[in-house]
Each structure stands twice: as structure tokens, then as C-alpha cells.
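I have placed the structure first, in the form of C-alpha cells, so that the comments after it can refer back to it.
Just so you know, all these numbers are worked out from the coordinates, no wet-lab data involved. What you are looking at is a predicted structure, and each value in this text was computed from that prediction instead of being measured. Reconstructed Cβ throughout: ideal geometry from the backbone, glycine too, with neighbour counts over all protein chains shown.
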Amino acid sequence: AQNLQEEYELSHPPSLPMYMALLSGARNHMNANLAQQIYDRMNEVFPQLDDSLVSAATLLANVYGSIGDIDKASDIRTQLTKSGAKKKIG
């Protein structure tokens, strides 16, 4: 997935839907390391897109929860709550 992301970015501007698709793929494969890398890259590339990053953080927390890392999932959700950020419905 990282190679796909890097190759895509060589000839295209970064795309939020692409990153969300990669993050969803990492969730489907329960790959928390890859999901964390993708989320970190999203924060680098799209720091101004708070609503989308809230959705991505929620998805990342779900990845950690699905592999049984409840502490990490809870930490992410706690950070979201403390920041006052809310995921848009949909």
C-alpha cells in the first residue's frame, strides 16, 4: 500500500479519498501498523482538514479495537473527545 501511495503521489496531488481508501483497506486486513502510517501521513498532508481527520482517527481507533488493542483505541477516542472534535454523520 505504501508503494501504491508513493507512486500515485509522483504524478498526482495527494488525495483524501485515496488515503481514506487505503486506511479502510488497512482496517479490513487488521493491519494497525499500516493504518497508523497512513493516518500519520494524512496528518502531514492535510493538517487543515479537521472533519476528515476526525473520521480517519475514528477509523484508526476501530482498527486498534479490532485487533484487541483496546488501550490504544481508547487513547485515540479520548484525544478526540478532549479536542472537542466530532465526526460528521455519514
Length-normalised contact order for the chain - Cα pairs under 8 Å, 6+ apart - percent: 25
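Tally Lys and Arg at +1 and Asp and Glu at -1 over the other residues with C-beta under 13 Å from the C-beta of Arg41: what net charge comes out? Don't skip to the end; give the middle numbers.
Working: positive: none; negative: Glu6, Glu9, Asp40, Glu44.
Around Arg41, the charge tally is -4.
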Dipole-positive endmost among Ser83, Val63, Ser11 within the chain (Cβ charges, Cα centre): Ser83
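Please state the shape class of the chain: rounded when a/c is under 1.5, otherwise prolate if a/b exceeds b/c and oblate if not, all from the C-alpha gyration tensor. Each step should come with its number before you reach the end.
Details: a/c = 2.23, a/b = 1.33, b/c = 1.68.
Since a/c reaches 1.5 but b/c is at least a/b, the shape of the chain is classed as oblate.
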Signed unit charges on C-beta, dipole axis of the chain, positive-most listed residue Leu23, Val54, Ile38: Val54
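Multiply the residue separation of Asn62 and Glu7 by 0.36 nm, subtract the distance between their alpha-carbon atoms, and state the gained length in nm to one decimal. Before the final figure, lay out the partial values.
Details: separation 55, 0.36 × 55 = 19.80 nm, distance 2.73 nm.
My answer for the length gained is 17.1 nm.
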Around Thr78: net Lys/Arg minus Asp/Glu count, Cβ-Cβ under 12 Å: +1
Trypsin sites (Lys or Arg not before Pro) restricted to region 11-90 and DSSP loop, no more than 10 other C-beta within 10 Å: Lys88
Student exercise, the chain dipole from Lys, Arg, Asp, Glu Cβ charges, in Debye to nearest 20: 440
